[in-house]
Amino acid sequence: MAKVELTRFAAVRAILRSRWPQLALQAVLLGGLLFTILSGLLGTPVGSHNFGIVYVWIAWWGSLILVLIPLLGRGWCSVCPIPLPGEWLQRGAVHGPSGKGIGLNLRWPRRLRNIWLQNAAFGLVAMLSAVILTQPAATAWVLGLMLVAALALSLVFERRAFCRYLCPVGGFIGLYSQLAPVELRVKDRAICAGHTEKTCYTGNGEGYGCPWQVFPASLAKNTACGLCMECLRTCPYDNLALNLRAPGVDLMQPTGRRLDEAFKSFVMLGSAVAYSAVMLGPWGGLKAAAYGVGSPAWLGYALAVLALAFGLLPGSFYLTVIAGGAIRRSLTTARRAFVPLAYGLVPLGLAAWVAFSLSFVFANASYLGPALADPLGGGWNLAGLAGVSWRPLMSGLVPWMQIGALAGGLAWSSGATRRIAVQTGYPAPGAPIAFSAALTMALLWLLLG
Amino acid sequence: MRSVLATPRRFMPLVVLGLAALAIVFVPGPAVPSPSGERMIHVEATNFEFLPGVIRADPGERITLELSSNDVVHGLYLEKYDLSLTAEPGQPARLTFIADRSGSFRFRCSVTCGALHPFMIGILRVGPNWLLWRAIGLSLLAALAGALTLRPWPKSS
């Protein structure tokens, strides 16, 4: 599929270059975030009626996993309100490059320039998820902590260190943004090579240097590009383009494949399996263990989730890849192929989260009306929605949508695995494909069995 | 002439897989037998779980479901059968229905009962779960489609 440059359309270019539409959306979302925190702390403690719980974990989460990531990749990051207060202080301005910011502006430590911290942060959230997803105060505290952490890091380190290296959400959005049908790339690298000022990285009067610490000319994948559009504003040669492209082409990029990103795909797959079992399964003991933070049962649950995500899945995938290589007498190639082949699991990982979220979101979507009608639990009935009774939506259709997502994800993963195998010289793509198929069967059993 | 014939041949595996997928989706499962038996199933709702969490019925069986609660008010909504009942503590509620759909059906608590309420889920299994088998068949076909019919990309230099 040939790329289509969206920014060649004057209206699209104008909207993306202007700060106003982005700022307006960010301001609304920042207001929503602060209200969400407030409702979590002051509103009703009943999760399924609390505005914060319902609008974060049903409306926002559903939109993110089912629409935003598959279609726009890191589109959410371009308007996310969490880094804004810190970024505004760091820049000393809200709108454009005009003020003098505050902060130490240190460089992020070299040893931490990877997503291991994001993997750990997501693991921590996964261990506490049964509480975070159901207790309004816990959701409020998590959002508040993220806001404070982003602000603190903005005052100590340069640019968006929180988003790039710590945000537990940003980590998996980056991983799955490789599948998105949009990308931001330079049009002609020769122009960048001849441009000594590199204003896309250093900034100028039109905009800031890349907040995500990326030199746009080196962009080969979506993972670290936050789609903030600053480079579109700072490039004096109009050499940046937002393109429509074939989904998933980043997976075939032979450069920049890393162990931390490979592990992210296992962490996400493991969490999807764990969440499906805990939240959608019929096992009350498992739910109680996940909810009883601090109890021995919870400790067992947390260790099991971590072992699955960080040990069992990557370990069994490694053994599968090695076994395939051993059968074809190509062990050295197999060891080298482990990380590249793990990228083949990325489509299945997103599909697993889509399948899990379909069930979770549609079963609970009817809480949206009442939570909006009485967002602070004061007995209000705004727009007459307070009386809307709970009912799962599209319960006949959701299983087929889950089957479509998982079967499509498996097909995509199998195709990507085969291509990566050809690319790396790995002789037995059937082995990792069988691994993906087995994982898909497990998910199908959890969701439909 | 050769290229005209070659093009459809390239798509033959996809056509075969597509037909197999259609067969998996649309071939009907065995008919549900007419009502043959009667059974009472007691389900206890307590502390965000149904006990038992999984209940089984034979296709065509006449089921009387009794829901009791020993902590707070709980509800039970059975998906696809579109049935619900509510039980207050110490006051069991009953409903009777014929298990005329086979498969695996979630039932959820329909009355907000506390923190884990949205995840208070049980499963009713009636006869064979053809949807799961169809899903497994479709997924295996999808894996084959991905692995066999896509042309590999050129080896990277």
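The values are calculated or read from the model by the stated rules, or taken from the named source; none is laboratory data. The structure displayed is predicted, hence computed values, not measured ones. Cβ placement follows ideal geometry from the backbone for every residue including glycine, while neighbour counts extend to all protein chains displayed.
I'd like the full set of residues that are modelled with pLDDT of 95 or more and among the small types (Gly, Ala, Ser), limited to the stretch B:122-141.
Those that are modelled with pLDDT of 95 or more and among the small types (Gly, Ala, Ser): B:122, B:135, B:137, B:139.
Restricting attention to the stretch A:1-42, report how many residues are closer than 19 Å to residue A:226 by Cα and not in a helix (DSSP H, G or I).
Going through the stretch A:1-42 one residue at a time, the tally reaches 3.
This table checks each residue for (1) free of Cβ contacts under 8 Å to residues at least 24 places away in the same chain; (2) outside the structural domain of residue A:29 (by TED's automatic domain parsing); (3) part of a helix (DSSP H, G or I).
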site: A:87; (1), (2), (3): no, no, yes
site: A:90; (1), (2), (3): no, no, yes
site: A:93; (1), (2), (3): yes, no, no
site: A:155; (1), (2), (3): no, no, yes
site: A:164; (1), (2), (3): no, no, yes
site: A:170; (1), (2), (3): no, no, yes
site: A:185; (1), (2), (3): no, no, no
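If you go through the stretch B:119-142 one residue at a time, how many are free of Cβ contacts under 8 Å to residues at least 24 places away in the same chain, surrounded by fewer than 23 Cβ atoms within 10 Å (Cβ to Cβ) and either facing another protein chain (nearest Cβ under 7 Å) or of a type in the set (Gly, Ala, Ser) (or both)?
So the count comes out to 2.
Of A:275, A:201, A:237, which residue is buried (at least 23 other Cβ atoms within 10 Å of the Cβ) and aromatic (Phe, Trp, Tyr)? Please lay out each step first, then the result.
Details: A:201 fails: buried (at least 23 other Cβ atoms within 10 Å of the Cβ); A:237 fails: buried (at least 23 other Cβ atoms within 10 Å of the Cβ).
The unique qualifying residue is A:275.
When the residues of the stretch B:84-114 are filtered to those that are more than 9 Å from chain A (Cβ to nearest Cβ) and part of a loop (DSSP other than H, G, I, E, B), which remaining residue is surrounded by the fewest Cβ atoms within 10 Å (Cβ to Cβ)?
Taking the candidates together, the pick is B:90.
Out of A:355, A:416, A:407, report the one residue that is in a helix (DSSP H, G or I), within 11 Å of chain B (Cβ to nearest Cβ) and in contact with a Pro (Cβ under 7 Å, 6 or more places away or on another chain). Even if it seems obvious, please write down each step before you answer.
Values: A:355 fails: in contact with a Pro (Cβ under 7 Å, 6 or more places away or on another chain); A:407 fails: in contact with a Pro (Cβ under 7 Å, 6 or more places away or on another chain).
Only one candidate passes the filter, namely A:416.
Please count how many residues of the stretch A:420-436 are assigned to a helix (DSSP H, G or I) and surrounded by 23 or more Cβ atoms within 10 Å (Cβ to Cβ).
The first filter runs over the stretch A:420-436 and keeps only residues assigned to a helix (DSSP H, G or I), leaving A:420-424, A:430-436.
Filter once more, keeping what is surrounded by 23 or more Cβ atoms within 10 Å (Cβ to Cβ): A:420-421, A:431-433, A:435-436.
Final tally of qualifying residues: 7.
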